[in-house]
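Trainee: Dropping the structure in here first, questions after.
The values are calculated or read from the model by the stated rules, or taken from the named source; none is laboratory data. From a predicted model like this one, the values you see are computed outputs, not experimental measurements. Methodologically, a virtual Cβ is constructed for each residue, glycine included, from the backbone with ideal geometry; neighbour enumeration extends over all protein chains shown.
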């Protein structure tokens with residue numbers, strides 16, 4: 001009888017702990033995620049739809065949106081190439097310095113984006129290591145678009161590689177070796193064997209990389225110079241609008257960033273759902 005009563009009390013206790021954890025998690029999400037999102041949209045539409053859409057007619061806002069998409073359009077494909085190459089070499093080959101390479105890939109996660117921006121200033125600024133050569137050849141990187149692109153690439157390059165490395169390591173080399181033995185070229189092996197196996201992880205990494213590229217603030221803030229209409233991305237433009245007490249426009253641009261983030265979450269959920277379906281099919285087979 002004591003055993004039964006003890007088991008019942010433990011079940012009640014575990015249920016209580018379960019509910020407490022769920023309530024804590026939901027409350028935290030409501031306070032830290034849902035409430036700020038509601039506030040952003042409420043403030044953006046506080047003066048009506050006309051004021052909201054008028055915010056996007058400002059030439060500086062349009063330029064900031066354009067620069068954000070240009071930066072992402074350059075940084076994401078380059079990180080895609082790097083991520084595939086790095087994950088392929090790490091997962092498929094053994095070589096000296098492999099662990100060190102993995103550590104370097106994780107470096108942007110450990111270094112503050114602001115510090116990475118300062119590093120580029122020390123390298124390519126007017127008083128930097130390459131500054132005099134760049135000035136002599138009329139090449140401007142810092143306080144220009146190239147510096148923004150470089151800073152964005154640095155803070156985003158781990159995302160694709162970090163998604164693909166464990167995936168490729170788990171899959172092994174058997175299928176690629178079989179394809180090579182059957183006469184396939186290296187490109188054919190990658191295109192018809194490796195790529196179909198990693199496509200969902202690859203897309204997932206690209207989505208995360210793109211989201212970070214569009215929302216990056218710290219590193220871009222250091223190298224941009226905050227030149228209106230030239231080097232301001234959307235996050236930087238939001239800061240300027242807010243400091244100018246143009247709250248409606250600031251929150252309007254913020255809603256665009258929020259919508260992009262929400263789209264990223266939706267795509268992330270869809271990809272995870274598709275991957276889970278494939279895994280369930282494999283388990284049934």
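Trainee: Suppose we filter region 229-260 for residues that are assigned to a loop (DSSP other than H, G, I, E, B) and under 14 Å from residue 65 (Cβ atoms); how many remain?
Mentor: Qualifying residue count for the region: 5.
Trainee: Using the structure shown, decide if residue 275 is part of a helix (DSSP H, G or I) and either in contact with a strand residue (DSSP E or B) (Cβ under 9 Å, 6 or more places away or on another chain) or at pLDDT below 80 (or both).
Mentor: On the way: part of a helix (DSSP H, G or I): yes; either in contact with a strand residue (DSSP E or B) (Cβ under 9 Å, 6 or more places away or on another chain) or at pLDDT below 80 (or both): yes.
Yes.
Trainee: Assuming residue 169 fulfils every condition listed in (1) part of a helix (DSSP H, G or I); (2) buried (at least 19 other Cβ atoms within 10 Å of the Cβ) apart from one, which condition is it?
Mentor: (2)
Trainee: Which residues, counting only those in region 177-217, are under 30 Å from residue 114 (Cβ atoms) and not in a helix (DSSP H, G or I)?
Mentor: Within region 177-217, 216, 217 meet the criteria.
Trainee: Condition (residue is in contact (Cβ under 8 Å) with a residue 12 or more places away in the chain, surrounded by 13 or more Cβ atoms within 10 Å (Cβ to Cβ), out of contact with any helix residue (DSSP H, G or I) (no Cβ under 7 Å at 6 or more places or on another chain) and closer than 29 Å to residue 44 by Cα) applied to region 108-116: is it met by at least one residue?
Mentor: Looking through region 108-116, none of the residues is in contact (Cβ under 8 Å) with a residue 12 or more places away in the chain, surrounded by 13 or more Cβ atoms within 10 Å (Cβ to Cβ), out of contact with any helix residue (DSSP H, G or I) (no Cβ under 7 Å at 6 or more places or on another chain) and closer than 29 Å to residue 44 by Cα.
Trainee: For region 38-106, list the helices (runs of 4 or more DSSP H) that sit wholly inside it and hold at least 2 residues that are buried (at least 17 other Cβ atoms within 10 Å of the Cβ) and in contact (Cβ under 8 Å) with a residue 24 or more places away in the chain; which are they?
Mentor: Result: 59-92.
Trainee: What tally of residues in region 128-148 results from selecting those that are in a loop (DSSP other than H, G, I, E, B) and within 14 Å of residue 223 (Cα to Cα)?
Mentor: Going through region 128-148 one residue at a time, the tally reaches 6.
Trainee: Tell me, yes or no, whether region 179-201 has at least one residue that is surrounded by fewer than 19 Cβ atoms within 10 Å (Cβ to Cβ), modelled with pLDDT under 90 and within 17 Å of the chain's Cα centre (by Cα).
Mentor: yes
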